[in-house]
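Take a look at the structure below.
Every number in this text was worked out from the coordinates using simple rules, so none of it is lab data. Treat the numbers as computed from the prediction; the structure is a model and nothing was measured. Note that each Cβ is placed from the backbone with ideal geometry, even for glycine, and that neighbours are counted across all protein chains shown.
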Amino acid sequence: MARAKTNYVCQQCGARSPRWMGRCSTCGEWNSMMEELEQPEPTSARPSLNSGKPRPVSELGLADHARTETGISEFDRILGGGFVPGSVVLVGGDPGIGKSTLMLQVCDRVARAGQVALYVSGEESLGQTSLRARRLGVESDRLLVAAQTELSSVIANARKLEPGLVVIDTIQMMHKPELGSAPGSVSQVRECAAELVCLAKQTGMPVVLVGHVTKGGAIAGPKVLEHMVDTVLYFEGDFQHAYRVLRAVKNRFGSTNEIGVFEMRSDGLREVANPSELFISGYGGGVGSAVVPCIEGTRPVLVEVQALVTRATYGTPERKVSGVDRNRVPMLLAVLDRRGGLQLGAQNVFVNAAGGVRVDEPAADLGIGLAIASSFIDRPLVQRAVFVGEVGLGGEIRTVNQAESRVAEAARLGFKKAFVPRDGATDLTGRKGLDIVPVSNIIEALDGCAEERTSK
């Protein structure tokens, strides 16, 4: 009998090697090589898409299939209005963040709307899933639950039932016995995902794949998994907070970087319809605090940015950030030091985005810089004001996109002033109930805030 051939496969990038290596030569990851038995599957057994003879794009027409709305507006917004028939969605997040809870609630809403929903659990038994369903108040007869890990059984049930939604929780637990490798390995995840994608495209049923994440925050398995699916969603949140953020990082049928905000409660996840009020709920306009209007996908969201500047008593001054771009904060400190005349070289600087949200767009530069300056001089900024603008290395304030929607959101929530870049400020004047203050550089913004505070 011929000896079975084995290869060592990197569980991060999928690179193969005939021998074990401590560090993958392709992606550089340590201790990621896993031994796998090489048993190639016959080509004829692999599923494939075949639409027949190529046709002119002008003759294809538009698909008349409506999106499947879940009834959870925050989830539907991220998808672009609901599930597109035949789409494949990948949902990732830290353990215990609420992925299974959210997907069970989504299945329940789809089932209550009159369609059959199939929830396949590879990590929990039927009894354990029943306990979760009772806690969430899920009782629809059209929601079918199966505890299976063999892919062929899952696909057979899906083709027989023809559900309106299929959820696989999780893709790392699915396996094909023909491959010989352990569930969760690169080959298993890749092949199982490929067959589920073909199932969705052939039948038109939406498929959701729930995935684990690595310690680095990326979805476990080969990177090609994210390229195979239509939409990639990351479930984020701090376990010390009750709020969770579902963020779209890829969407073929909607806007990317769209977010949905949920509150974790004892009876499940509840959507937050107005995230701006949530993120600035504790805003008091104190020292080192500024409100910045951010754009998340198509939605403007107001976020409070806090800064604390203290004198370094010994050693190297610390620079700690949470929720903001850690690469832009040192740049802003250098601009404030050189262009604004603030001596920050010997100061500890801490910057935080309140509420557990993440702010990483350049439009928040002006608010972050002024919050740092406010803490350094120990004087609060203008009350009920928002700050919009990108700060250049020369200290200039540059224009940002979607300034109109940012200012409109601030006016809706009762803010009275908006510090914006001078270029384009004329297009924002006339906003009812909101005073537009144009600024050209960081010094002008600092002086404007100081004069407003002095006049009060």
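Side notes on the structure shown:
- Sorting 390-397, 83-90 by average packing, meaning the other beta carbons within 10 Å per residue, from highest down gives 83-90, 390-397.
- Semi-axes of the equivalent ellipsoid for the range 232-286, Cα gyration tensor, largest first, Å: 23, 16, 10
- Cα gyration tensor category, rounded, prolate or oblate, for the range 67-273 with a/c compared to 1.5: rounded
- On full extension, the segment bounded by R23 and N327 gains 106.7 nm, given 0.36 nm per residue less the C-alpha separation.
- Peptides 264-273, 225-234, 125-134, 5-14 ranked from most to least packed by the mean count of surrounding Cβ atoms within 10 Å: 225-234, 5-14, 264-273, 125-134.
- Karplus-derived HN-Hα couplings along the range 346-354 (A = 6.51, B = -1.76, C = 1.60, θ = phi - 60°), whole Hz, x at Gly and Pro: 9, 10, 7, 10, 10, 10, 9, 9, 5
- Shape category assigned to the range 151-270 from the gyration tensor of Cα positions, a/c cut at 1.5: prolate
- The range 345-416, relative contact order [Cα under 8 Å, separation at least 6], %: 27
- 0 to 90° range, to nearest 10: angle between helix 126-136 axis and the chain longest Cα axis: 30
- Segment L161-K416, length gained on full extension (0.36 nm per residue, minus Cα span): 86.1 nm
- In the chain, helices alone account for a calculated mean residue ellipticity at 222 nm of -8000 deg cm²/dmol, with every DSSP H run of four or more residues adding -39,500 (n - 2.57).
- Beta-bridge orientation, the chain: approximately 50 percent antiparallel, per DSSP, counting only bridges with both partners inside.
- Listed peptides 136-142, 190-196, 357-363 appear in the order 190-196, 357-363, 136-142 once ranked by packing, highest mean of other Cβ atoms within 10 Å at the front.
- Against the set (i) 23, 50, 24, 3, 0; (ii) 22, 44, 29, 5, 0; (iii) 27, 59, 14, 0, the structure's computed P(r) over Cα pairs in 20 Å bins from 0, in percent falls on (ii).
- Crossing angle, helix 365-377 versus the chain [Cα axis fit, 0-90 degrees, rounded to tens]: 50
- Computed from Cα atoms, the angle from the helix 403-412 axis to the main principal axis of the chain rounds to 80 degrees.
- Cα convex hull, the range 277-455: 105 Å³ per residue, rounded to a whole number.
- Across the cross-link table entries K5/K250; K53/K201; K160/K223; K176/K223; K99/K250; K250/K417, which are compared at the Cα atoms, the separations over 27 Å belong to K5/K250; K160/K223; K250/K417.
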